[in-house]
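The values are calculated or read from the model by the stated rules, or taken from the named source; none is laboratory data. Just so we're clear, the structure is a prediction, and the values are computed from it rather than from any experiment. Note: ideal-geometry Cβ built from the backbone for every residue, glycine included; neighbour counts use all protein chains shown.
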Amino acid sequence: MGRVVVDVMPKPEILDPQGKAVASALPRLGFTGFTGVRQGRRFELTVDGPVTDEVLATVREAAVTLLSNPVIEDVVRVAEVAEAAEPLDEGTPA
């Protein structure tokens with residue numbers, strides 16, 4: 001079995017109120033040096049068998065058709081991942 005990750009982000013011209021809220025909260029919480037935040041969505045798809053070029057093409061088609069709203073979002077990445085993402089432990093730097 002293989003895994004494919006799809007990242008979807010709002011188009012640059014679309015307002016991102018969630019990103020703006022995070023951007024304004026960062027300095028209040030002591031995190032400085034950030035000039036902007038855009039919030040997107042990430043999908044991890046598990047496929048039956050290896051990830052081939054044909055599988056990636058099918059995932060790209062699904063991403064544009066179902067996983068994103070092409071009017072306001074761009075599919076910015078479709079890529080194979082070697083292993084499942086694991087949550088960070090509290091206090092562990094990324």
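Data for the structure
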{"read-out": "Residue among Glu44, Glu13 that alone is in a loop (DSSP other than H, G, I, E, B), of a type in the set (D, E, K, R) and modelled with pLDDT of 95 or more", "value": "Glu13"}
{"read-out": "Conditions (1) crowded, with 16+ Cβ neighbours inside 10 Å; (2) among the aliphatic types (A, V, I, L, M); (3) in a helix (DSSP H, G or I): number failed by Val4", "value": "(3)"}
{"read-out": "When residues of the stretch 13-53 are limited to those that are without any contact (Cβ under 8 Å) to a residue 12 or more places away in the chain and among the hydroxyl-bearing types (Ser, Thr, Tyr), the one surrounded by the fewest Cβ atoms within 10 Å (Cβ to Cβ)", "value": "Thr35"}
